[in-house]
Each structure stands twice: as structure tokens, then as C-alpha cells.
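First the structure, in the form of C-alpha cells, and then the observations on it.
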Amino acid sequence: GSHMFDYMFKILIIGNSSVGKTSFLFRYADDSFTPAFVSTVGIDFKVKTIYRNDKRIKLQIWDTAGLERYRTITTAYYRGAMGFILMYDITNEESFNAVQDWSTQIKTYSWDNAQVLLVGNKCDMEDERVVSSERGRQLADHLGFEFFEASAKDNINVKQTFERLVDVICEKMSESLDTADPAVTGAKQGPQLTDQQAPPHQD
Ligand code: GDP
Ligand code: MG
């Protein structure tokens, strides 16, 4: 067919301010890293199409536009998201302690089948590490998420994080389809199966 992609997944990157969410997105989408602090104003999302599991998958990856600073992220932002990258900074204890709260937000506002990967970013800063890999892994296990340590700066595990998230979304989708439950397969916030994707809207 002439369609440009088979699926479109909306993915959100969340976590405390300055853990590296915007840097992570730029690294993945543009393969760039800007060392100066760039506050995220006016950037809503980036789009990247990847080939995975014999499918062309269009990822619409949303940044928080700096709103996490004011804790004003609303339900509209979460709507329709199929995957989350929940990020903390391995050199910042407070960002790690906030993971539980972010996880609760996801569970409160997002689609039930949304998949989450926990990412400990800035793993290039080993000398300043305050959160051990073991604690990260234990928290991820406790919350039922998969876990990666990564570095947007040194380009460690960035692509792998997105690809693993796409894979778990695909796995979850085929499980849901297998159940043949119309309440699941027809869920209006579920997988986007058409190529006639309406532009995202704000409410
Ligand atoms: P956001 O507020 O979560 O979007 O965080 P930013 O992407 O704006 O990054 C905050 C600061 O951390 C900036 O100075 C980045 O250059 C820096 N930073 C982001 N990712 C990394 C990383 O992987 N390693 C290091 N060393 N610094 C990073
Ligand atoms: Mg940002």
C-alpha cells in the first residue's frame, strides 16, 4: 500500500526537571547533544519512524515542554500514550525518590495497558553517582517496569531504550488482540491501527 507506516505510538518522557529528558529525546531523534542547559519551551514532540518486527512504526515522542517544573502536567498530555520513559538522574537522589510519584501519575492518568521503562540517565557521571544500579533495578522490579541505565551525553542505551519500549508495546498489543475482547481491541485510547492519523489536539 501507499501508507507511510503501520502503527503510530505516542510515547512520553517524564521525570523530574533536569534529569535529561530533552537531551535524551534530541539524542535519539537528531543524534545531537547540547551541553548547555536548554529549557524546553515550545517543543511539544518529535517524530521518528523506525522499522521493527517487520512493521513501520511512527513514534510521536513527547517532551514535557518544561511543565514538569511547575507540576502542571495534565491528563490531556497523558491521553493516548502507549509508552512511557520514566527518567531519573543517577547523580540526583531527589529525582530517584520522585519515581514513585511519577509512576502513580502514569497509573492514574494513562491507558491501562501503557508500558513503562525506568531509565537512570547520566550513567557517564560515575564519580558523582548516588543511586546504585542495584537500587534502580530493585525499584523497577517493584513497580513492574523494565530498567536501563543510559547516557544522553555519551549515547549509551538511548536507541536500546526506545527499541525495547516499542517491542514491549508490540508484545502487549498482540496479547490484547489475542484475547479478542472488543473492549480491549476497540479501546479508543488503544493502538492506532490506521494510517489516517489525525493531528494531535490540545484540550
Ligand atoms: P530535562 O529538564 O529533563 O529536559 O533535562 P535536560 O535535557 O534539559 O538536561 C539537563 C542538564 O543535564 C543539561 O545541562 C544537560 O546537558 C545535562 N545532561 C542531560 N543528559 C545528560 C547525560 O546523559 N550526561 C550528562 N553528564 N549530562 C546530561
Ligand atoms: Mg526538558
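The values are calculated or read from the model by the stated rules, or taken from the named source; none is laboratory data. Worth saying up front: this structure is predicted, and the values here are computed from it rather than measured. Positions of Cβ are backbone-derived with ideal geometry, glycine not excepted, and every protein chain shown enters the neighbour counts.
Total residues in the stretch 46-67 satisfying the condition of being touching a strand residue (DSSP E or B) at 6+ places or on another chain (Cβ under 7 Å) and acidic (Asp, Glu): the figure is 1. Among the residues making up the stretch 53-72, a single one is of a type in the set (D, E, K, R), closer than 21 Å to ALA152 by Cβ and either more than 16 Å from ligand 1 (Cβ to nearest atom) or surrounded by fewer than 19 Cβ atoms within 10 Å (Cβ to Cβ) (or both): ARG69. Scanning the stretch 120-132 for residues that are within 19 Å of ASN155 (Cβ to Cβ) and touching a residue at least 40 places away in the same chain (Cβ under 8 Å) yields ASN121, LYS122.
Taking ILE90 as the residue in question, decide whether it is touching a Lys or Arg at 6+ places or on another chain (Cβ under 6 Å) and crowded, with 19+ Cβ neighbours inside 10 Å.
Answer is yes for this residue.
Candidates in the stretch 50-67 are the residues that are in contact with a Leu (Cβ under 7 Å, 6 or more places away or on another chain) and under 13 Å from LEU165 (Cα atoms); of these, the one that is nearest to ligand 2 (Cβ to nearest atom) is ILE61. Taking the numbered list (1) closer than 21 Å to CYS170 by Cα; (2) in contact with a helix residue (DSSP H, G or I) (Cβ under 6 Å, 6 or more places away or on another chain); (3) surrounded by fewer than 20 Cβ atoms within 10 Å (Cβ to Cβ) in turn, THR75 passes all entries but (1).
Take the conditions surrounded by fewer than 20 Cβ atoms within 10 Å (Cβ to Cβ) and of a type in the set (Val, Ile, Thr) and apply them to VAL130. Does it pass? When the stated conditions are applied, VAL130 passes them. Quick one: in the stretch 12-28, which of the residues that are near ligand 1 (Cβ under 8 Å from one of its atoms) and aromatic (Phe, Trp, Tyr) is farthest from the chain's Cα centre (by Cα)? The selected residue is PHE26. Every condition in (1) modelled with pLDDT of 95 or more; (2) over 21 Å from LEU25 (Cβ atoms) is met by PHE162 except one, and the failing one is (2).
Filtering the stretch 73-89 to residues that are within 15 Å of ligand 1 (Cβ to nearest atom) and within 30 Å of VAL130 (Cα to Cα) leaves ILE73, PHE84, ILE85, LEU86, MET87, TYR88, ASP89.
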